[in-house]
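Asker: The structure under discussion is supplied below as structure tokens; questions concerning it will follow.
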Amino acid sequence: MAPFHSKSEALHPVLAATGARVLLSGNDAIARGAWEAGVRLAAAYPGTPSTEILETLSLLPDVYAEWSVNEKVAMEVAIGASLAGARALCSMKHVGMNVASDALMTITVAGVAGGLVIAIADDVGVSSSQNEQDSRFWGRFAHVPVLEPADPQEAMEMAKFAFELSETHATPVILRVTTRVCHVKAPVTVGARIERETAGFQRDPGRWILSPINARRQLPLQAGREQRLAAVAEASPLNFATAGSDRRLGIVTSGAAYLHVRECFPDLPVLKLGLSHPVPLGLVSRFAAGVDELLVVEETEPFVEQAIRAAGIAARGKDVLPRTGELTPDVLRPLVAPLLGESAPPLPPYPAGETFPRPPTLCAACPHSGIYYVLARLRKKVLISGDIGCYALGAGPPWYALDTVVAMGSSMGIALGLDKARGDADRSKAIIAVIGDSTFLHMGMQGLLNIVYQRGNITVIILDNRTTAMTGGQDHAGSGRGMHGEEAPRIDFPRLVAALGVRPERIRVVDPYQLPVLAKTVREETEFAEPSVVIAQRPCVLSDFYQATPPFRVVDEDCTGCSNCFNVGCPAIHLARSAQKTLATGTITELQFAVIDSIACTGCGLCARACGPKAIVATAPADGAAAGMAAAGRC
């Protein structure tokens, strides 16, 4: 069994004995279900809301688990395990499936050997993503079945069933979950693991070598699999109807929306689709015959609705319900009520009082703050292409230091496009691409290679904080640690960048806490009309690589209210008071005087380096409990 990261993980409820009833999240339940099904390998790239699937599965014995460098690689590793006859799980968030789709679309032609399950977590409501996608369409596109659990118990059971379905029909199976299912916790009764021997790779060139001639030969077999799966969907116990006393409206639904429907309309007949692709049209037709009108309630796209209407079955759906966001009770009740000839019920009153505004921001002492403090002062002279990670917060206050954030790893490709197509208005501006270390290894290397090959005039800033920070601090190929915290080879970013073709003279390594050096380095590199790379190296403040020092404080009598410390963007710095001052020119200016929260401050010194009058100083280590907490790494 793999070693535990900590005592808390040793007590994780996913490790409960057979028959126990424990509190699990949907992600935990998927991990337990896969383990009980005898999974041998699991591969993923972290991404909210899917991250905990692999993290939890890595705690269980007899499973090889890895954080792959990206989702495509994770998919390929899982496919390789399947070809070896082992059961394999690949997990990712919805946008990760875009990266992995090339491998998926091809292996579905050949099918699989060992069971292959792909858990895709859709971020319905866009709580932590750049878009909202409905991953059920991958089932239709790739001709593979899609399962949709509504709660953690179903998530565990469907994960187990998915492996059986995969091996019975030699097909990958998609387990589609949403943010609510991933993160909700509920009691789950766990079972025993089924030990399965790995059959080993069976050579079959006509099947596994997907040349055009072999692929053409297997396309009819793929179509035949889909027809058999349609029959499975019609008879599957995962698709079931619940009777209702009010036959005016019948509802077809799936996933978490099923629970919302049952809560809102307990008297209406409901057809729940746990196996939502292929859509069991015969079952839907029989259900529709027993109600006056049919309504499809699904998150987010009209996936089932379109299939039902295409079969000639009358149904309402997205003409009534929104196409984006969760279909929670407060959304469903007022929109469905008119279909029943009723007025919309009033919403429950919210407690009086205003919610305290808490915009997202970087952590106290985050090394990215120094980068954005510098970039914010170059805004008039540069165009800055950002990327996906917690450093995307640099687009907001107080820095406003990013011009674009599109997709993971896209900052350098977009920067090259800005460079090659720039007009006279942007001719004098330098172009900077900002990307995190994990993101650079995920999809960014090709972008830099292309910049070098195309002779782009771009400065790339790699934010190397030795972790995948946005999703909870997972290790990667640049952290020097493996999945279980063991020592692992660590990528040397300067050597890697040089290998991609950047001239050694144009590769600079800096400490983002050293603001004067950082500012000078970035300005210098933007003046060269060739690819250059600035690597900002400082561990994430939430990682155990980070070494905190005693906190800083403001000397009140020396503070001039210049506000430079606020521009660092550290949440440990607060407004103590403000005052107006009349300048010699007669202009009245507002001065902002600061105070530093000694509990939150970890002693990075960014604010002190930004302070013109040197009114911010370090406290002595003996200055009380706050300094002790900072020294212990609390933030």
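Asker: Criterion first (over 21 Å from residue 74 (Cα atoms) and basic (Lys, Arg)) does residue 176 satisfy it?
Answerer: Judged against the criteria, residue 176 is not a match.
Asker: Determine whether residue 35 is touching a Leu at 6+ places or on another chain (Cβ under 8 Å), of a type in the set (Phe, Trp, Tyr) and over 21 Å from residue 439 (Cα atoms).
Answerer: On the way: touching a Leu at 6+ places or on another chain (Cβ under 8 Å): yes; of a type in the set (Phe, Trp, Tyr): yes; over 21 Å from residue 439 (Cα atoms): yes.
Judged against the criteria, residue 35 is a match.
Asker: Still on this structure, I have one more. Of the residues in region 186-201, how many are at pLDDT 90 or above, among the small types (Gly, Ala, Ser) and in a loop (DSSP other than H, G, I, E, B)?
Answerer: The initial filter retains those residues of region 186-201 that are at pLDDT 90 or above, namely 186-194, 200-201.
So of that shortlist, the ones also among the small types (Gly, Ala, Ser) come out as 186, 191-192, 200.
Among the residues that remain, those that are also in a loop (DSSP other than H, G, I, E, B) are: 191-192, 200.
Number satisfying all stated conditions: 3.
Asker: Among the residues of region 207-263, count how many are of a type outside the set (Lys, Arg) and exposed (fewer than 13 other Cβ atoms within 10 Å of the Cβ).
Answerer: 16
Asker: Within region 446-475, track down each residue that is at pLDDT 90 or above, within 22 Å of residue 392 (Cα to Cα) and touching a Leu at 6+ places or on another chain (Cβ under 7 Å).
Answerer: Passing the criteria: 448, 451, 458, 460.
Asker: Could you list, in sequence order, all residues of region 53-85 that are under 16 Å from the mean Cα position of the chain (by Cα) and aromatic (Phe, Trp, Tyr)?
Answerer: 67
Asker: Hey, among 376, 421, 392, 415, which residue is among the hydrophobic types (A, V, I, L, M, F, W, C) and crowded, with 21+ Cβ neighbours inside 10 Å? Reasoning before the result, please.
Answerer: On the way: 376 fails: crowded, with 21+ Cβ neighbours inside 10 Å; 421 fails: crowded, with 21+ Cβ neighbours inside 10 Å; 392 fails: crowded, with 21+ Cβ neighbours inside 10 Å.
Residue meeting the stated conditions: 415.
Asker: Another question, then. Those residues that are among the small types (Gly, Ala, Ser), within 19 Å of residue 523 (Cβ to Cβ), within 26 Å of the chain's Cα centre (by Cα) and in a helix (DSSP H, G or I), I need them from region 365-402; list them, please.
Answerer: Matches in region 365-402: 369, 370, 394.
Asker: So which pairs qualify, if the first residue must be in region 359-388 and more than 17 Å from residue 602 (Cβ to Cβ), the second must be assigned to a loop (DSSP other than H, G, I, E, B) and hydroxyl-bearing (Ser, Thr, Tyr), the Cβ gap must be under 7 Å, and the two must be at least 6 apart or on different chains?
Answerer: Hits for this filter: 376/400; 387/410.
Asker: For the condition of a type outside the set (Val, Ile, Thr) and part of a strand (DSSP E or B), what is the one hit in 523, 490, 508, 495? Outline the logic, then answer.
Answerer: Values: 523 fails: part of a strand (DSSP E or B); 490 fails: part of a strand (DSSP E or B); 495 fails: part of a strand (DSSP E or B).
Answer to the check: 508.
Asker: Right, another one. So which strands (runs of 3 or more DSSP E) stay within region 53-159 end to end and still have 2 or more residues that are touching a residue at least 60 places away in the same chain (Cβ under 8 Å) and more than 30 Å from residue 328 (Cβ to Cβ)?
Answerer: Details: elements: 64-67, 88-93, 116-122.
Ranges flagged: 64-67.
Asker: Still on this structure: As an exercise: evaluate residue 172 against (1) under 22 Å from residue 298 (Cα atoms); (2) buried (at least 23 other Cβ atoms within 10 Å of the Cβ) and give the number of the one condition it does not meet.
Answerer: Failed condition: (1).
Asker: Going through region 188-210 one residue at a time, which ones are under 33 Å from the mean Cα position of the chain (by Cα) and among the polar types (S, T, N, Q)?
Answerer: 189, 198
Asker: I'd like to check something: does region 237-252 contain any residue that is within 31 Å of the chain's Cα centre (by Cα), in a helix (DSSP H, G or I) and not assigned by TED's automatic domain parsing to the domain that holds residue 124? Working first, answer last.
Answerer: Our first condition is that a residue be within 31 Å of the chain's Cα centre (by Cα); within region 237-252, this holds for 238-239, 252.
Those left that are additionally in a helix (DSSP H, G or I): none.
No, because not a single residue in region 237-252 is within 31 Å of the chain's Cα centre (by Cα), in a helix (DSSP H, G or I) and not assigned by TED's automatic domain parsing to the domain that holds residue 124.
Asker: How many residues are under 15 Å from residue 451 (Cβ atoms) and assigned to a loop (DSSP other than H, G, I, E, B) if we restrict to region 526-545?
Answerer: 4
Asker: Of the residues that sit in region 468-494 and are at positive phi and in contact (Cβ under 8 Å) with a residue 40 or more places away in the chain, which one is surrounded by the fewest Cβ atoms within 10 Å (Cβ to Cβ)?
Answerer: We begin by selecting, within region 468-494, every residue at positive phi; these are 472-473, 480, 485.
Applying the additional criterion that residues be in contact (Cβ under 8 Å) with a residue 40 or more places away in the chain yields 472-473, 485.
Values: 472: 13, 473: 17, 485: 15.
Within region 468-494, the match that is surrounded by the fewest Cβ atoms within 10 Å (Cβ to Cβ) is 472.
The values are calculated or read from the model by the stated rules, or taken from the named source; none is laboratory data. As the structure is a prediction and not an experimental result, all values here were calculated from the model. Cβ sites come from the backbone with ideal geometry, for glycine too, and all protein chains shown count toward neighbours.
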